[in-house]
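Down below is the structure, laid out as structure tokens.
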Amino acid sequence: MRQYHFVLHLSKDECLQYYQGYFRELVVTATTGERIQISAKHFHRFIQRDGIHGFFSLTLDKDGKLVRLVKNS
């Protein structure tokens, strides 16, 4: 399994664009500099009144499938 860490900041308006169908994927840059494409649907549970803001950890299996996505405090 591979683990990545990244910071994500999306405004409430950017989150609204997801619901309006403007995008389905997010591309984030891990702390290692690697770019990772993730389905936006995985971030739904992290949406707050002001959008999504935080430091996240992503775990993928050997085939690149999402195993776990958590927001770190």
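The values are calculated or read from the model by the stated rules, or taken from the named source; none is laboratory data. Just so we're clear, the structure is a prediction, and the values are computed from it rather than from any experiment. Positions of Cβ are generated from backbone atoms using ideal geometry, with glycine treated the same way; all protein chains shown enter the neighbour counts.
Below, the figures for the structure above:
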quantity	calculated
Restricting region 10-24 to residues that are surrounded by 11 or more Cβ atoms within 10 Å (Cβ to Cβ) and in contact (Cβ under 8 Å) with a residue 12 or more places away in the chain, the residue that is nearest to residue 73 (Cα to Cα)	10
Residue that is modelled with the highest pLDDT [pool: residues in region 1-20 that are part of a helix (DSSP H, G or I) and hydroxyl-bearing (Ser, Thr, Tyr)]	18
Residue among 67, 28, 7 that is surrounded by 11 or more Cβ atoms within 10 Å (Cβ to Cβ) and in contact with an Asp or Glu (Cβ under 6 Å, 6 or more places away or on another chain)	67
Any pair with Cβ under 9 angstrom, 6 or more apart, that starts in region 33-52 at a residue that is surrounded by 10 or more Cβ atoms within 10 Å (Cβ to Cβ) and ends at one that is among the acidic types (Asp, Glu) and not in a strand (DSSP E or B)	51/13; 51/14; 52/14
Yes/no for residue 70 being touching a Ser or Thr at 6+ places or on another chain (Cβ under 6 Å) and touching a residue at least 12 places away in the same chain (Cβ under 8 Å)	yes
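Residues are listed down the side, and each one gets a yes or a no for (1) in contact with a strand residue (DSSP E or B) (Cβ under 7 Å, 6 or more places away or on another chain); (2) under 26 Å from residue 13 (Cβ atoms):
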{"site": "29", "(1), (2)": "yes, yes"}
{"site": "35", "(1), (2)": "yes, yes"}
{"site": "43", "(1), (2)": "yes, yes"}
{"site": "47", "(1), (2)": "no, yes"}
{"site": "51", "(1), (2)": "yes, yes"}
{"site": "56", "(1), (2)": "yes, yes"}
{"site": "68", "(1), (2)": "yes, no"}
